[in-house]
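Written below as structure tokens is the structure these notes are about.
Rule-based calculations on the coordinates, nothing more; no lab input. Keep in mind that what you see is a predicted model, and the values were worked out from it rather than measured. No Cβ is skipped: glycine too gets one built from the backbone with ideal geometry, and neighbour counts run over all protein chains shown.
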Amino acid sequence: MLRGPLHWAYRRFGPAYPRLAVLGVLSLSFFVVAGGVWLLDLCVDLDGGEFWRIFLVTMAMSVVEAVTAFLVLSKLLRPADPWLQGERAPEDAVAAWRAVAGMPQDFLTFGRFVPVVFNVLPVALFITWELDEGLFPALPIVIAGVAVVLLYGVFVRFFGLEMIGRPVLEEVSCELPDGAELGSATVPLVLPSATVQIFTFLSAPFASPEDSGLDQLGLGVVVTIAVSFTLSLELSGLLLRSIVEPIHDLQQGTRRVAEGDLSVRVPVLGTDETGKLAGSFNQMVAGLAERERLREAFGAFVDPHLAERVLVEGTVLEGEEVEVTVLFLDIREFTAFAERSTAREVVERLNEFYEIVVPVLAAHGGHANKFIGDGLLGVFGAPDRLPGHADCALEAALEIVRCVRERYGDELRIGIGVNSGPVVAGTIGGGGRLEFTVIGDAVNTAARVEELTRDTGDDVLVTAATCGLLERAHGGFVDRGETVLKGKTERVRLHAPVRAAAPTAPTPRALRAVRR
């Protein structure tokens, strides 16, 4: 109910808000004192003079106490002043949070015996003197009554101070560094409820003294019920709001996390149990966000599908023999470009180029297994099985050629060799460093086939092993004959996709290269 007005006041008054709000909370003590005098008048038949004298004296002492309390609270708020005035360093945020969140508890524990010495005893002595009932048993009863009224006022003030601090805490808690030490509460939340019961219990002796008749007994019952359903209800409402609002914030935060928002933080509104819960929630979300950042960083160095598998199965993926299609890509005459360019220009060109190539591989179900300078090894069918891996690899190669032509024209040419066959896929390495790779003759063959694109002039060359696995035509092929690849003994038949074939027939030198 008061959340909206308090936020408006915070926006309106800015750095002055906490102390102005403190004045508002301290003014509540005058109503509590007035209620206590009224309750005394119901229990004891005061004449007009006695009532007003007791009222004025207790009010005067309340004014003195309120001024003293304001000075103490202003001092407690002093560590928050730099943050309120615009300083946004992490240490300023922590200091501001501790000052505002700890203000109710720190004030409650400040000068523990001062209220008894300077409030309860003087007021009780004055009321006993005014009643002229003698010191015993009147004084102990009056002391008990004044103490309960004071205790009620203390807890109204406690929850009031907690409430006015929430607009500040909601803002400052968003700037707290993760894992900041915020302290803890020593005032249990059940204590105000015990105060309510004590207050209700002690109101009965005041309402129906021993020499009262049935009419006074009835009045005592009415007073007791009134206390239970007014003062107790008000205090219970303050306690309820101090618990329900943080829980509502946690519910909203949980919903946003479930929707994938890991930037959410709930306000840490106090040092009590709900504040600890909110702080733990923020630490949990920060941990989830850090895990997601690590996951994204891992995915930047490793294929995202491989990263997912590693997260599930662990870092060691046992080697397994699988049939895959391998795509080996290389930029033609890149060495000459590197010689006449700076290192920064070379890296920028490669990154720009791979920004085109890698998404195409991923879109067709493959992944960039390894970057080798201006070359790239793409794998289709490992670590996850991929039906139709040969078709996927060939379509990826043709789309890469098209994208590179559109982006660079004749400025940059590439060669791609595509081959299919069995490989062993798994992690290799040692000394705490592992790498997922594919090992086998199919990989070496793809690299040798890519080298021949320089002789044939084709952008893509495909082995017969891959063509035998194709399920689609892909626009047809041009037969480039058979050749013995470097380091091989068996002849390999090659085909050039029409969509990426050289515009003219291979030169005699190229034909000899592929048919010797």
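Cβ under 13 Å from LEU71's Cβ, LEU71 left aside: what net charge do those residues give with Lys, Arg +1 and Asp, Glu -1?
That sum, taken over residues with Cβ under 13 Å, equals +2.
Once the other residues with Cβ under 15 Å from the Cβ of HIS474 are scored (Lys, Arg +1; Asp, Glu -1), what is the net sum?
Combined, the nearby Lys, Arg, Asp and Glu give -4.
Any idea what the relative contact order of the range 1-157 is, in percent, if you count C-alpha pairs under 8 Å spaced at least 6 apart?
So the answer I get is 27 percent.
How high is the FRET efficiency from ARG344 to GLU290, r the C-beta distance, R0 35 Å, rounded to 0.05?
Calculated transfer efficiency: 0.65.
Collect residues whose amide H, placed 1.01 Å from N in the peptide plane, falls under 5 Å from the amide H of ARG480; neighbours closer than 5 in sequence don't count.
Placed amide hydrogens put LEU494, HIS495, ALA496 under 5 Å from ARG480.
Would you mind calculating the relative contact order of the range 313-515 from Cα pairs under 8 angstrom and at least 6 residues apart, reporting the percent as a whole number?
23
By how many nm would the segment from SER74 to GLU411 grow when fully extended, if each residue of separation counts as 0.36 nm and the alpha-carbon distance is taken off?
114.1 nm
Per-residue HN-Hα couplings for the range 259-264, Karplus 6.51 cos²θ - 1.76 cosθ + 1.60 at θ = phi - 60°, whole Hz, x for Gly and Pro?
Karplus-based 3J(HN,Hα) across the range 259-264 equals 7, x, 8, 9, 8, 5 Hz.
Starting from the Cα of LYS488, draw a straight line to each of the lysines and keep only those under 25 Å, dropping any in the same chain fewer than 8 residues away.
Cα-Cα hits under 25 Å: LYS370.
Using the Cα atoms of the range 1-175 to build a convex hull, what is its mean projected area in square nanometres?
Orientation-averaged projected area of the Cα hull: 10.8 nm².
Which ³J(HN,Hα) values in Hz, rounded to whole numbers, follow from the phi angles of the range 40-45 under the Karplus curve 6.51 cos²θ - 1.76 cosθ + 1.60, where θ = phi - 60° and Gly and Pro get x?
4, 5, 5, 7, 10, 6
Under a 5 Å amide H to amide H cut-off, with H placed in plane at 1.01 Å, what residues pair with ASN369 once short-range neighbours are removed?
LEU377, GLY378, VAL379
Given H placed 1.01 Å from N in the peptide plane, which residues other than close sequence neighbours of ALA502 have an amide H under 5 Å from its amide H?
ASP458, ASP459
Once phi is turned into ³J(HN,Hα) by the Karplus curve 6.51 cos²θ - 1.76 cosθ + 1.60 with θ = phi - 60°, what whole-Hz value does each residue of the range 82-91 show in order, with x for glycine and proline?
3J(HN,Hα) across the range 82-91, in whole Hz: x, 5, 4, 8, x, 6, 10, 5, x, 5.
Once you charge only the Cβ atoms, +1 for Lys and Arg and -1 for Asp and Glu, what is the size of the charge dipole of the range 313-515 about its Cα centre, to the nearest 20 debye?
Approximately 720 debye in magnitude.
At a Förster radius of 56 Å, what calculated FRET efficiency corresponds to the Cβ-Cβ distance of ALA89 and LYS370, to the nearest 0.05?
The pair ALA89/LYS370 has a calculated efficiency of 0.80.
What distance in nm separates the simple spin-label points at TRP8 and VAL478, each placed 7 Å from Cα in the Cβ direction?
7.9
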